[in-house]
Every structure is written in C-alpha cells, then in structure tokens.
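The values are calculated or read from the model by the stated rules, or taken from the named source; none is laboratory data. All values reported here derive from a predicted model rather than from experimental measurement. For neighbour counting, all protein chains shown are included, and Cβ atoms are generated from backbone atoms with ideal geometry for every residue, glycine included. All accessible areas refer to the heavy atoms of the entire protein, side chains included, with ligands and DNA or RNA removed. Shrake-Rupley method; radii C 1.70, N 1.55, O 1.52, S 1.80 Å.
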Amino acid sequence: MCGIVGLYFKSAALEQQLGRMLAAMLVQMTERGPDSAGVAVYRRPVGAEASKITLQSGDDANWDDIHARIRAALAPEATLEPLANHAVLTLHGDGAQAADWLEANLPGVNITSIGRAIEIYKEKGRPDEVIARFKLEEMAGSHALGHTRMATESAVTTEHSHPFSTGLDLCLVHNGSLSNHNRLREKLRAEGIRFRTDNDSEVAAGYLTWRLSQGATLKEAMQSAIADLDGFYTFAIGARDGFAVMRDPIACKPAILAETEHWVAMSSEYRAIAQLPGSKHAAIWEPQPARIYSWERAA
Amino acid sequence: MRPNHGGESARRQNGEALRFDLKDSPVRELNRALHERGAEGRSIRVANPGGKHNVAVGARFRGEVFIDGHVGYYCAGMNQNAAIVVNGNAGPGLAENMMSGQVRVKGDASQYGGATAHGGLLVIEGNAAARCGISMKGADIVVGGSIGHLSAFMAQSGRLVVCGDAGDALGDSIYEARIYLRGKAAGLGADCIEKPMEASHREELAYLLDQAELGGMKAGDFRRFGSARQLYHFQIDHLGAY
C-alpha cells in the first residue's frame, strides 16, 4: 500500500500556498505509507539556457566542498542551495550533460531530479518528519506531487523512495506493484536506461524515460505503458507545465480526482482532498481504468 | 417494511438526535453508540466525516443515521437494522457484508460497494465504480447511475438494479443473483446471459425501484441478466472460461 497526492494550480493566485496545501494532503496519507515520503515541487523555474539539478547525499555531506568542486571543474557560475541532505544546483547549459559529470565525479551524491522547475526531496520516515525536514510548508510553486511509501517489494531506503525522476522536469509516483519489472529492467538496461535500485516503480519511471527518448509524447508513452507494464498501478506523473494520472485496467488501486476553478487535486483517498480550501464545492470523481487524465498550463 | 430516511421520520423519533462531529470526536465513539441498543429510538446525525474510514460500521440498532459529507473506506459495513444516509460520496467497500437495514448514498460510491452483502437494501443514487455487488449473498442493490467493470462477480443471491450502464464483464461467474439493467453492458462475463423478463420479474423490479425512491424509472425499460448455469460443475470443455 502507498499513498499518492497531487496538486496543480490553474492560476498563480494560490502559488504561495502550494507547500502548505500539499503537506496537509500528505499527512493524511500517513497510514498508507509510514516508511518514507517524498515530494516533487515545481517552482522557481530557470530560463531555457539554464538547468536545475536536485542532489541528495548522506547526512554528513559537505555541500561547501561539493559546490567548490563543481565550480572548479564543471560550471564556475553554478549556485548550490542546500536543504538538509538535499541541495539544488543551478547552472548554465544542458542538465543531462552536467548530470553525467556529477555521477562520474561525485561518488555518494545522487541525483533526484533534473530540469528547469522540478525539485525532488525524499527520505525515510513518516510524512510529517519528511515535511518538517525539508520545510515543505514554506515552498511556493505551480504544482507538486507527493508520495507516502509502505514498502512491499524492496528495501526501505532513500533511493527506493518516490518520486522517481523520468526525464527533464518529469517524475512519477506509484501506488501498486508491477509483476514484470525484472525482465523489463533487463530490457531497458540493454537500451541504455540506468537503474539505481531493484524497485519496481523505478522500472515504470525508466520505461517512460525510454519511450520519451524514442520521441514519444508523454501521452503516447503512458498509452504504451498500459500494454507493457504488467501489474497493479495508479500513477501520477509530473511534468513542467502539468500533471497526469493513470490507473491500470483492473483498477484495484484507488484514486480520486477533484477540480475547482482554482485547482486540480489527485489523491489515493478523498480525506487528503478534504484538507483543501474549496473542496466542499469541488467536482469529485474517480478516474476510469486505463484512461489518461492530464492537465497542462498554457505556456 | 419500508426503511425511514430523510425528514419524514424525524417526527417519529423519541428525543433529540444524537450528534457526532467527526472533526472533534473519533469515529469509534460514533460506532460504539451504533453497536449499543441504547441509542434506539433516537436518530443520529454525523457532521464533518471528511473522508474518514469505517464511519457507521457495525450498526445494530433500529434507527436513522444521517452522515453529512463524504466518507472513506468501509462506510456502513456489516450494517444490521439501521437506515444510514450518506449525503455525499462513499469510498471503497461501502456497506460491505451488510446484513439488513438500508444504506443510501446521495452521491457516487467507489469500488466493491455492497460486496458480500447478505441482506438489506443499498441505494447508490449516483454512479458505482468497479466490482459493485461482488459476491453478494442476498442483498438488494439499486444504482441510480452506472456501474464499473466486474460488477456482480460470483454474485450468489439478491438483486442488482442498474439504471445506467454497466462496465465490462458484468456478472462474471454469477450464481443465482438477478441483474436488472436499464442501459448497456460493455460486455458480459463468463456464464452471464440475458434472460427473459417475466411478469414476476417486472413485479419484483417495480417493488425495488419503489423502495429505492429514484423516481421516473419504469420496470419495462430494464433487461434481466443471470447465470447460464454452465459453470456450476467443472467440465473440461469449459476450461477456458474459468
């Protein structure tokens, strides 16, 4: 069992409230996932010429030293903003290329997200602890996803926690379990997709990364996932300008969508949505099996 | 006996309504009152359910419970005797294993509503999601809207009335429950077939529609589905259908 929440603003009016509203939702999903929690927050977008990379390391990480090494060898203009054992790196140029350098030269430092707006923070522990640690309630932004994990098929570590990055400004959270993830992981590895864990949800993320790298749109990638992923899932997928929700054809795993004139929210259960201002008058419905629901802000 | 709900019976209650505000008090306090017979003769009003789980589970008393808002998992499970109204939507497992009484949801219900229910009447005025009435064992379920896939799976007895459409695999491996469908089924499950509407079927359907108080529904607009009784005993020729 796991819990998923997603919140997307239709206009900028509520942006200052994003972190507080998402935190209230995430706490409601504690019983569904007390092992670890994570959030992907879309905020403070940088321009097309720049990239943002979220780094994660052990609790004893020396961020000043890491910053100095990045400035000396990779990008002299880079800024680094530590937040507990994560840090957001901002630099000019291509994020994926920079990530290659970081992975090769900074052992012990993991990359949780790459893009222009996305930041991913995730950690072991109860949702309220994770929220406090990363000061989620203070974060403003346009949209965000959150996940609470009850581990069923692989270890409880930071790296096994959700959300999983699936590409530039893309991420995935999952409630369910996949049964063909081992074979699919081998196939994707042969295609050049890298995996850090034995987690099934990371394979779903890697699958989307692979399809997108072949030129598929996000919707096309999700559509083909219905055929290629075997198992139970409710997915929420974050993108730079929006988010999407999809359930498997059997639809055992719960999902609720709600919409007002100001926001669209998604959760495993209504009680998370009940925390939001205006929820009493929201349109509320259950997403149909194997149907893609997506929202996108006009660029 | 026609269960009471709404304002009609408020006049008939002795004493004032018992009130529970789930914003402040735990669900267990409400349920304890429903388990004990002491509350009988009074109505119970529940405010701010906020999608909480297990609201009004295991009720045993003869009386009304009015829940003003949306509820989470397993609302009204194992109900006996009580007439429970949810003025909102219900999460998964609504009225699971109900024994008697009436449960009415004014909005939509999530998956496996009325699962394994033995008796009583479950009315969902909106839509019901997947697996509605799965393994039902004698209850009556009336849905004002449409139902999701795999509804009435292995349903043993009782009646499932659907005023809208049904999802795929309706009545898969059904035993002796009867399905009345006004709209279309996306597909029938294994061993589920359409059966003729006899006068006795129209009569029982008219009674159920009247009980459900949905209004504007005519028994003549419905079709009946039930078991072809080909999967009762194992036959090697049917292996693919199991």
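Observations on the structure shown:
- Residues that are outside any strand (DSSP E or B) and under 11 Å from B:Ala33 (Cβ atoms) within the stretch B:44-57 comprise just one, B:Ala56.
- Residues in the stretch B:103-118 that are open to solvent by less than 10 Å² (accessible area, probe 1.4 Å) and under 14 Å from B:Arg159 (Cα atoms): 4 in all.
- Single residue of B:Ala76, B:Ala59, B:Ala83 found to be more than 11 Å from every other protein chain (Cβ to nearest Cβ) and either surrounded by fewer than 22 Cβ atoms within 10 Å (Cβ to Cβ) or touching a Lys or Arg at 6+ places or on another chain (Cβ under 9 Å) (or both): B:Ala83
- Single match in A:Gly93, A:Gly125, A:Gly108, A:Gly47 (criterion: out of contact with any Gly (no Cβ under 7 Å at 6 or more places or on another chain), at positive phi and surrounded by fewer than 16 Cβ atoms within 10 Å (Cβ to Cβ)): A:Gly93
- Applying the criterion of being away from chain A (no Cβ under 14 Å) and among the charged types (D, E, K, R) to the residues of the stretch B:101-127, the residue that is nearest to B:Asp68 (Cα to Cα) is B:Arg104.
- Pairs, first more than 8 Å from every other protein chain (Cβ to nearest Cβ) in the stretch A:263-274, second of a type in the set (Phe, Trp, Tyr), C-beta under 7 Å, six or more apart: A:Trp263/A:Tyr8; A:Trp263/A:Phe9; A:Val264/A:Tyr8; A:Val264/A:Trp295
- The stretch A:179-195, residues that are modelled with pLDDT under 95 and open to solvent by less than 80 Å² (accessible area, probe 1.4 Å): A:Gly192, A:Ile193, A:Phe195
- Which numbered condition B:Glu125 fails, given (1) touching a Pro at 6+ places or on another chain (Cβ under 8 Å); (2) within 26 Å of B:Arg62 (Cα to Cα): (1)
- Residue under evaluation A:Arg149, criteria (1) within 20 Å of the chain's Cα centre (by Cα); (2) among the basic types (Lys, Arg); (3) surrounded by fewer than 18 Cβ atoms within 10 Å (Cβ to Cβ), criterion not met: (3)
- The stretch B:189-206 residues that are closer than 9 Å to B:Ala219 by Cα and modelled with pLDDT of 95 or more, paired with ones that are surrounded by 11 or more Cβ atoms within 10 Å (Cβ to Cβ) and among the hydroxyl-bearing types (Ser, Thr, Tyr) (beta carbon under 6 Å, 6 or more apart): B:Leu205/B:Tyr180
- Among residues of the stretch A:70-81 that are farther than 14 Å from A:Leu102 by Cα, none has a Cβ under 6 angstrom from a residue that is open to solvent by 50 Å² or more (accessible area, probe 1.4 Å) and part of a loop (DSSP other than H, G, I, E, B) at a sequence gap of 6+ or on a separate chain.
- Among (1) open to solvent by less than 10 Å² (accessible area, probe 1.4 Å); (2) at pLDDT 95 or above, the one test that A:Gly242 misses: (2)
- Residues that are touching a residue at least 60 places away in the same chain (Cβ under 8 Å) number at least 2 in the following strands (runs of 3 or more DSSP E) confined to the stretch A:83-133: A:110-115, A:118-124.
- Among residues of the stretch A:196-210 being in contact with an Asp or Glu (Cβ under 7 Å, 6 or more places away or on another chain) and either open to solvent by 10 Å² or more (accessible area, probe 1.4 Å) or outside the structural domain of A:Pro249 (by TED's automatic domain parsing) (or both), the one that is farthest from A:Gly3 (Cα to Cα) is A:Trp210.
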